[in-house]
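Trainee: Got a structure for you, questions after.
The values are calculated or read from the model by the stated rules, or taken from the named source; none is laboratory data. Just so it is clear, the structure is predicted and the values come from calculations on it, not from any experiment. Positions of Cβ are backbone-derived with ideal geometry, glycine not excepted, and every protein chain shown enters the neighbour counts.
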Amino acid sequence: MPIAADRAVAALPARRRSTSAPIDPDAAAKALAVHARLCPVYGCPIPYFHSLDPLSELVSSLLSHRTRNAESGRAFKALRARYPDWDAVIDAKVPEIQAIIAGVTWPELKAPRIRDVLGAVRARCGTLDLAFLAGMDVGTARAWLEAIPGIGPKTSAAVLAFSTLRMPALPVDSHHHRVAQRLGLIGPRIDVGPSHAILRAQLPADWSAQDLYDNHEILMLHGQQVCHHRRPACGRCVLVDLCPSAALSAREP
Ligand code: SF4
């Protein structure tokens with residue numbers, strides 16, 4: 001289907017969009033066309049994979065960076081089993097935390113980061129509870145989180161979107177980022193961090209938390225299952241006619 005035809009999907013209904021980043025109308029139309037194509041493939045609405053409170057989701061997200069889900073899940077459970085609550089992690093020795101989370105990537109960096117981030121939350125709130133974020137709009141809540149050293153756009157979005165807060169934020173992981181880049185939704189030099197605002201702005205501002213969660217999940221799943229890092233399976237990709245990278249990818253060995 002040519003992209004002009006898919007613009008019909010983008011135009012109906014006309015919706016207000018986020019203004020947090022400049023919007024390329026063609027990219028926004030393509031983003032909606034991609035969403036419409038992938039949703040039936042991956043089965044939207046997609047069930048949430050976590051029901052953690054926001055602080056626990058914060059720890060889980062810090063563990064998950066560049067780490068397989070199974071490994072970060074194991075490390076998260078091990079932390080919970082070892083310490084009675086997150087306050088106890090702040091008081092723990094870094095080498096002990098590092099040993100408990102040894103299965104994740106860069107445990108020597110993540111152990112002090114988790115302890116310091118938890119300490120910063122407690123220092124700012126007086127308690128370890130992020131439930132108050134529910135009373136903020138998404139932009140304000142993200143800014144509050146990202147003011148803490150060690151929390152970037154991906155982590156702040158994950159806390160708001162994946163936790164029991166269920167707020168309308170769009171996380172972008174490495175799979176999501178790669179697919180968006182190959183599709184031309186973001187430029188080749190846009191890193192994961194800055195891509196959050198661009199990709200979010202391409203989607204309707206009034207999309208629900210479930211809509212944005214679905215958008216993240218379907219692009220991530222497409223990256224995992226079809227648009228692989230090394231050899232994208234363009235021959236069985238439902239986005240092939242929308243994708244400027246398709247011909248190039250098909251020539252890869
Ligand atoms: S056509 Fe190929 S490169 Fe483009 S999104 Fe599909 S699998 Fe990825």
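Trainee: Quick one: Ser51 ticks every box in (1) farther than 14 Å from Ala158 by Cα; (2) small (Gly, Ala, Ser); (3) modelled with pLDDT under 95 bar one, so which box is it?
Mentor: (1)
Trainee: Report, by residue number, each residue of the range 19-56 that is surrounded by fewer than 17 Cβ atoms within 10 Å (Cβ to Cβ), within 30 Å of Phe132 (Cβ to Cβ) and of a type in the set (Gly, Ala, Ser).
Mentor: Ser20, Ala21, Ser51
Trainee: Could you tell me how many of the residues in the range 180-218 are among the β-branched types (Val, Ile, Thr) and out of contact with any helix residue (DSSP H, G or I) (no Cβ under 6 Å at 6 or more places or on another chain)?
Mentor: Residues in the range 180-218 being among the β-branched types (Val, Ile, Thr) and out of contact with any helix residue (DSSP H, G or I) (no Cβ under 6 Å at 6 or more places or on another chain): 2 in total.
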